[in-house]
Amino acid sequence: MNTAIITTFPTPDIAWEEGRVKFTQPSTPLQDVLIQRNLNAIFQPILNMRNGEIIGFEGLIRGPANSPLHSPANLFSAAQQQGLLLEVEMLCRQVILEKFTELRLPGKLFLNISPEALTHPSFKNGQTLAFMREIGLSPDRVIIEITENQPTFDFQAMRNALLHYRQMGFNIAMDDLGEGFSSLRLWSELRPEYVKIDMHFVQGVNLDPLKLQFLKSIQQIAESCGSLVIAEGIETDAELATIRDLGIALGQGYFIARPSATPPLTPPPEVSRIISSSFIAVFPRAVAIGQETTADSLLTYIDPVTPEADNDTVFARFAENPALQIIPVVKHGQPVGLINRYSFIDCFAQPFRRELLGKKPCRQTMQELPLLVEKSTPVQELSQFLTETESRHFAEGFIITDEGRYLGIGTGQALLRVITRMQIEAARYSNPLTLLPGNVPINEHIERLLQSGSTFHACYCDLDHFKPFNDVYGYRKGDELIQLTGRILHWACDPKLDFLGHIGGDDFILLMQSQDWYRRCQEILHSFTEASTSLLEEQHRWCGGYESEDRQGKVVFNPLPSLSIGAVRIDPGSFLSHHEVSSAAAIAKKMAKKIHGNSLFIEPRHLGTQG
């Protein structure tokens with residue numbers, strides 16, 4: 001095989017002899033690498049997340065073993081310092097192409113190329129394509145993977161270069177989306193066939209709702225523009241399962257296979273098991289809606305007046321606009337006071353006050369020391385502050401600032417509207433007492449389970465005799481009992497397979513993919529029996545209950561709180577929506593509550609395996 005370097009970069013102190021680089025000055029270790037072609041290609045498989053097949057390999061490079069240049073970072077850093085980046089990159093490319101062909105690896109080769117090399121005439125004039133013909137490698141098997149280590153400014157040149165390479169048969173991939181300087185614009189401008197997500201957003205995605213949301217968004221964009229997403233850096237089984245269930249097409253990482261000089265052609269058994277499994281990943285809980293809402297969401301801009309503006313001008317502003325409640329007073333961008341409509345007009349309504357004060361500056365009638373709120377202040381924090389400070393700030397309003405400069409005003413009414421909306425949304429997404437997922441994520445998870453064709457058990461959990469306990473011990477103890485129940489249910493779950501939600505009040509739901517779900521339910525009942533007694537007085541424990549008034553005012557004896565679980569097996573195709581699953585689980589729960597004490601009722605038409 002001809003291994004000559006087919007390039008003639010105009011770099012100082014370099015000559016070319018029989019297709020090989022030759023330096024006219026004493027050589028450095030990096031130059032020795034170029035002269036001796038002392039680089040090694042390794043390959044990392046890229047997995048099809050739908051069928052578990054390896055669709056291709058990313059070609060990577062290592063420098064001479066046992067030398068500082070072995071690391072790619074050191075190799076390219078030295079190349080940058082010595083002005084040899086293009087020479088090193090061309091040699092890396094050729095070594096990878098040669099080795100890929102020599103190993104007869106199947107599928108695609110992802111070949112890293114920098115934007116600088118991509119637009120360089122020596123690459124664009126077809127020399128790499130000529131080399132590929134010489135070694136028998138077709139362009140349609142090579143993906144040009146654009147690496148971005150520096151900002152890209154000439155998008156037109158990049159677009160033109162990629163159009164040229166596409167016409168030659170290459171496909172395009174964009175590396176490290178989310179990590180580079182201008183990756184989102186590159187995606188929009190270049191429309192690559194493949195997009196690689198930076199490993200930062202992949203690692204720990206099974207635990208981080210923000211990373212999960214990022215990947216969801218990228219996947220949605222990719223679907224709309226026809227790109228295939230590659231998730232880099234998959235290192236655990238949980239990450240792989242989450243990536244698969246997000247619908248991302250391709251995966252790469254140490255859990256699938258490490259880079260190797262002789263890479264595997266099939267994934268390891270544990271990877272195949274996850275890809276083919278009917279179980280779905282339990283996504284991390286999303287951040288409650290409104291948690292990050294800040295004071296700038298309350299902002300209304302009102303033209304301010306200066307302290308020197310006369311009171312007649314202020315009166316005219318209020319007269320012209322009956323809805324105007326507050327006028328801020330600002331000097332050189334800094335807020336110094338507020339003028340409240342009702343206080344101001346009450347003052348002017350007194351005899352002779354308008355004649356006396358009309359031409360006077362409004363600083364004499366404004367309310368000094370207004371409440372200043374930075375725009376980044378969380379609304380929860382602002383609400384807490386207003387409840388603990390002077391009530392006038394809530395009634396009269398406050399000024400919203402950006403690093404002390406006037407932006408606009410906020411009102412107590414606007415704050416109440418936002419807080420109310422946040423509380424409603426938060427209650428839908430998570431229960432404020434237990435912080436467990438609420439009705440929206442519960443229904444979403446049921447739909448994911450149904451769509452995946454998984455078999456699972458829906459277990460509806462409900463406290464018995466809770467109202468009498470609440471009446472006798474008080475609502476604080478009642479809250480403690482609900483929280484304790486939530487903790488017991490959580491401890492019994494397999495976090496990778498089982499989903500726990502808090503429907504509301506003393507009702508919970510378990511969506512269990514665990515094979516030993518029955519044993520786990522029995523553990524829940526046993527743990528509840530043991531733990532709930534810690535909330536009871538000794539005399540009530542001995543008696544097995546306590547007396548309280550019923551709704552008719554009669555004194556009756558009430559048993560101690562117990563836990564009922566109604567379980568329904570959900571087989572593929574047996575239910576069509578979360579409404580049907582919820583209804584079936586609720587019926588099973590009612591049957592469980594008819595059994596005295598802690599109980600588990602399994603819907604008999606769907607008994608299934610008890611594990």
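Okay, residues lined up against (1) at positive phi; (2) free of Cβ contacts under 8 Å to residues at least 12 places away in the same chain; (3) of a type outside the set (D, E, K, R):
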residue: G410; (1), (2), (3): no, no, yes
residue: P432; (1), (2), (3): no, yes, yes
residue: I446; (1), (2), (3): no, no, yes
residue: G504; (1), (2), (3): yes, no, yes
Task: Residue match in the stretch 288-307 (condition: free of Cβ contacts under 8 Å to residues at least 24 places away in the same chain and hydrophobic (A, V, I, L, M, F, W, C)) - done: no
Open item on the list: If a residue counts only when it is closer than 30 Å to V271 by Cβ, out of contact with any Lys or Arg (no Cβ under 7 Å at 6 or more places or on another chain) and at pLDDT 90 or above, which helices (runs of 4 or more DSSP H) contained entirely in the stretch 28-141 have at least 2 such residues?
Closed with: 85-103
TODO: Go over the candidates R541, R519, R551 one by one and state the one that is in contact with a Gly (Cβ under 6 Å, 6 or more places away or on another chain) and farther than 22 Å from L435 by Cα.
DONE: R519
Open item on the list: Being of a type in the set (F, W, Y) and surrounded by 18 or more Cβ atoms within 10 Å (Cβ to Cβ) is the filter here; which residues of the stretch 323-347 pass it?
Closed with: F344
TODO: Looking at (1) among the charged types (D, E, K, R); (2) buried (at least 22 other Cβ atoms within 10 Å of the Cβ); (3) under 18 Å from R285 (Cα atoms), find the lone condition where D245 falls short.
DONE: (2)
TODO: Considering only residues that are surrounded by fewer than 18 Cβ atoms within 10 Å (Cβ to Cβ), modelled with pLDDT under 90 and over 19 Å from the mean Cα position of the chain (by Cα), look in the stretch 429-451 and name the one that is nearest to L484 (Cα to Cα).
DONE: L433
- [ ] Filter the stretch 225-250 down to residues that are within 18 Å of L207 (Cα to Cα) and either in contact with a Cys (Cβ under 7 Å, 6 or more places away or on another chain) or not hydroxyl-bearing (S, T, Y) (or both), then give me how many there are.
- [x] 16
Task: Residue identified as more than 18 Å from E145 (Cβ to Cβ), of a type in the set (A, V, I, L, M) and either surrounded by 21 or more Cβ atoms within 10 Å (Cβ to Cβ) or in the same structural domain as A249 (by TED's automatic domain parsing) (or both) among L186, L212 - done: L212
Task: Test: A584 is in contact with a strand residue (DSSP E or B) (Cβ under 8 Å, 6 or more places away or on another chain) and of a type in the set (G, A, S) - done: yes
Open item on the list: One residue is enough: does the stretch 189-200 have a residue meeting the conditions modelled with pLDDT under 95, part of a strand (DSSP E or B) and out of contact with any helix residue (DSSP H, G or I) (no Cβ under 9 Å at 6 or more places or on another chain)?
Closed with: yes
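Residues are listed down the side, and each one gets a yes or a no for (1) at pLDDT below 95; (2) in a helix (DSSP H, G or I); (3) closer than 30 Å to T533 by Cβ:
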site	(1), (2), (3)
G566	no, no, yes
R569	no, no, no
A585	no, yes, yes
K590	no, yes, yes
G608	yes, no, no
G611	yes, no, yes
Open item on the list: Going by what's in this entry, would D462 be described as buried (at least 20 other Cβ atoms within 10 Å of the Cβ) and over 20 Å from the mean Cα position of the chain (by Cα)?
Closed with: yes
Task: Answer residue from the stretch 217-227, given it is assigned to a helix (DSSP H, G or I) and exposed (fewer than 15 other Cβ atoms within 10 Å of the Cβ) and is farthest from the chain's Cα centre (by Cα) among those - done: C225
Open item on the list: Is it the case, given these coordinates, that F394 is farther than 21 Å from L298 by Cβ, assigned to a helix (DSSP H, G or I) and under 48 Å from the mean Cα position of the chain (by Cα)?
Closed with: no
- [ ] Restrict the check to the stretch 576-598 and report whether at least one residue is more than 17 Å from I446 (Cβ to Cβ) and touching a helix residue (DSSP H, G or I) at 6+ places or on another chain (Cβ under 7 Å).
- [x] yes
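The values are calculated or read from the model by the stated rules, or taken from the named source; none is laboratory data. Remember, it's a predicted structure, so these values are computed and weren't measured experimentally. Heads up, the Cβs are rebuilt from the backbone with ideal geometry, glycines too, and the neighbour counts pull from every protein chain shown.
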